[in-house]
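Novice: Just dropping this structure here.
The numbers here are math on the coordinates, done by the rules we state, and not lab data. Since the model is a prediction, treat every value here as computed from it, not as a measurement. Note: ideal-geometry Cβ built from the backbone for every residue, glycine included; neighbour counts use all protein chains shown.
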Amino acid sequence: MFSFRITKKSKKSRARLGVLRTAHGEIETPAFVPVATRAVVKTLTSQDALDAKAQLLIANTFHLHLRPGEKVVARAGGLHKFMQWPRPLMTDSGGFQVFSLGFGHDFGTGKMLKEKSDKEIKKGAQPQKLRITDKGVEFRSPIDGAKIFIGPRESMRIQEQLGADIIFAFDECTSPIADRAYTERSLERSHLWAKLCLKYKKKNKQALYGIVQGGKFEDLRRASARFTGALPFDGIGIGGEFGDDKSAMTRMVGWVVDELPEEKPRHLLGIGYPEDIVPIVRAGADTFDCIVPTHYARRGFAYTSTGKLDIKKIAYLKDQKPLDKKCACEVCKTYSRAYITHLWRAGEMTAMSLLSKHNLFYFNALVARVRDDIRAGRI
């Protein structure tokens, strides 16, 4: 049931238009993928996400394994029925948590450094709160400290029971401060796990994406893209760290795309600020997920056509304009900045929900315009 069809290629960049077909509908690409970590886009209902024009969501395998557990989801009929989401779904593999609960936690870093660091993770190093071996990763539950083991077999079994349309191979998302020797060893392990995920995946309707790693090192990135692209995956995820500036990120995506088979869809994992979207589409990404719309909404920020708006400021209590006069979302049609500022300053949770609805609509509308620009030959 899964297929990908390229409908137009840009003559100015690596950008392209396409259609991803799944058992739960089609996705026009390029597409932004909102994050539904625990089977919910934070502060929103599934209907809210649909109203915001979301085509596809990505949920988190590790966190859903913790609670409610994949067996609970399976008994409910799978993620789609459990969360009442009628359109396509992805689940990640748990590989990002190898980083976020490991070296990311230890050193306080994300996938992209905010500033250069003199710290370095060397070959053989282990994170404080988990242990990485060739068989998989032993985690400590962030809820109660219990030991949890996830390797390729376990990741495939969990994702099969969750029942998303698109699943990902288990890998290690490396830190931006990992040295070359650490990154090489990690890449060997992720490539081993990729082949094991193909072996353990059941013959069902789920599409399986492999993941390219290799850190900041061009030769490793290209080698991983060639290795992963040659395996019988349905699509390719581009994962790991992306250096210490935005130009490095798009350059690294370009290295990978150069080596990938053209006919397979490409998903960029965990990247998608508004200013990133055109560059990563030009670099060749078909889909990309990011927590930004709801993350910033829960901190009082609205993305608008004139820039990021801090709704917490008392000055907006006198502002009867919508969040963005150019936005067609229901929030902008219905509520003023003054009202949403009042809700925020009064501690009402509805403020977060309204900002999240607007931000998600804004991001999806932005990507729809990017598709129009590709179609018109402007990108």
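Novice: Could you tell me whether region 179-282 comes out rounded, prolate or oblate from its Cα gyration tensor? Rule is a ≥ b ≥ c as square roots of the eigenvalues, rounded for a/c under 1.5, then prolate if a/b exceeds b/c, otherwise oblate.
Specialist: Numbers: a/c = 2.01, a/b = 1.30, b/c = 1.55.
It is oblate, given that a/c is not under 1.5 and a/b is not larger than b/c.
Novice: Could you tell me the center-to-center distance, by alpha carbons, between region 117-196 and region 251-270 in angstrom?
Specialist: 21 Å
Novice: If I model region 222-280 as equal point scatterers sitting on the Cα atoms and use the Debye formula, what is log10 I(q)/I(0) at q = 0.12, 0.14, 0.19, 0.30 Å⁻¹?
Specialist: -0.28, -0.37, -0.67, -1.38
Novice: Beyond 16 Å, what percent of the Cα pairs of region 44-90 remain? If you can, show how the numbers build up before the last one.
Specialist: On the way: 420 of 1081 pairs.
That tail contains 39 percent of the Cα-Cα pairs.
Novice: What relative contact order, as a whole-number percentage, does the chain give when Cα pairs under 8 Å and 6 or more residues apart are counted?
Specialist: Values: 779 pairs, mean separation 70.8, N = 379.
RCO, the chain: 19 percent.
Novice: So what's the net charge close to ARG157: Lys and Arg +1, Asp and Glu -1, counting the other residues with Cβ under 12 Å from its Cβ? Before the final figure, lay out each step's value.
Specialist: Values: positive: LYS71, ARG153, LYS201, LYS202; negative: GLU70, GLU154, GLU160.
With Lys, Arg at +1 and Asp, Glu at -1, the net is +1.
Novice: Same structure again: So what's the back-of-envelope 222 nm ellipticity for the chain, counting only DSSP H runs of four-plus at -39500 (n - 2.57) apiece and dividing by all residues, rounded to 500? Don't skip to the end; give the middle numbers.
Specialist: On the way: 15 runs with 149 residues, N = 379.
It lands at -11500 deg cm²/dmol.
Novice: Let me ask something else about it. Roughly how many Å is it from the Cα centre of region 65-103 to that of region 335-379, as a whole number?
Specialist: 26 Å
Novice: On a 20 Å Cα-Cα criterion, which of the cross-link pairs LYS116/LYS216; LYS135/LYS195; LYS129/LYS246; LYS53/LYS357; LYS9/LYS264; LYS53/LYS325 come out too long?
Specialist: LYS129/LYS246
Novice: Also, I was wondering about something else. How much net charge surrounds THR133 when only the other residues with a Cβ under 12 Å from the Cβ of THR133 are counted, with Lys and Arg +1 and Asp and Glu -1? Can you show the working numbers first?
Specialist: Working: positive: ARG131, LYS135, ARG185, ARG189; negative: ASP134, GLU138, GLU172.
Taking every Cβ under 12 Å from that of THR133, the sum is +1.
Novice: Please work out the Kirkwood hydrodynamic radius for region 267-379, using every pair of different C-alpha atoms, and report it in angstroms with one decimal place.
Specialist: Details: mean 1/r = 0.0680 Å⁻¹.
Every distinct Cα pair counted, the radius reaches 14.7 Å.
Novice: Further question on the same structure: I need the peptides 331-343, 22-34 ranked by packing, meaning the mean over residues of other C-beta atoms within 10 angstrom, with the highest value on top. Please list the in-between numbers first.
Specialist: On the way: 331-343: 18.2, 22-34: 20.5.
Highest to lowest by the protection proxy: 22-34, 331-343.
Novice: Another question, then. Starting from the Cα-Cα distance between GLU275 and MET349, subtract it from 0.36 nm times their residue separation and give me the gain in nm to one decimal. If you can, show how the numbers build up before the last one.
Specialist: Numbers: separation 74, 0.36 × 74 = 26.64 nm, distance 2.80 nm.
So the chain would gain 23.8 nm between GLU275 and MET349.
Novice: Right, next: Under Stokes-Einstein, with the Kirkwood radius over Cα pairs standing in for Rh, what whole-number D in µm²/s applies to region 152-198 at 37 °C and 0.692 mPa s? Please list the in-between numbers first.
Specialist: On the way: Rh = 11.7 Å.
The calculation lands on 281 µm²/s.
Novice: When only Cα pairs under 8 Å and 6 or more residues apart are kept, what is the percent relative contact order across region 291-338?
Specialist: On the way: 50 pairs, mean separation 14.1, N = 48.
Result for region 291-338 is 29 percent.
Novice: What Rg and what Dmax come out for the chain when only alpha-carbon atoms are used, in angstroms?
Specialist: 20.4, 61
Novice: Rg over Rh of region 20-156, using C-alpha atoms and the Kirkwood radius, what does it come to?
Specialist: Working: Rg = 17.2 Å, Rh = 16.9 Å.
Answer for region 20-156: 1.02.
Novice: Something else now. I'd like to compare 3-11, 183-191: which one has the highest average count of other Cβ atoms within 10 Å, and what's the full order after that? Don't skip to the end; give the middle numbers.
Specialist: Values: 3-11: 13.4, 183-191: 20.7.
Going from most to least packed, we get 183-191, 3-11.
Novice: Show me the three semi-axes of the equivalent ellipsoid for region 1-76, from the C-alpha gyration tensor (sqrt of 5 times each eigenvalue), largest first, rounded to whole Å.
Specialist: On the way: eigenvalues 171, 42, 29 Å².
Ellipsoid semi-axes (Å, largest first): 29, 15, 12.
Novice: At a Förster distance of 30 Å, what's the computed FRET efficiency of ASP144 paired with VAL72, Cβ-Cβ distance as r, to 0.05? If you can, show how the numbers build up before the last one.
Specialist: Numbers: r = 17 Å, r/R0 = 0.57.
Efficiency, rounded to the nearest 0.05: 0.95.
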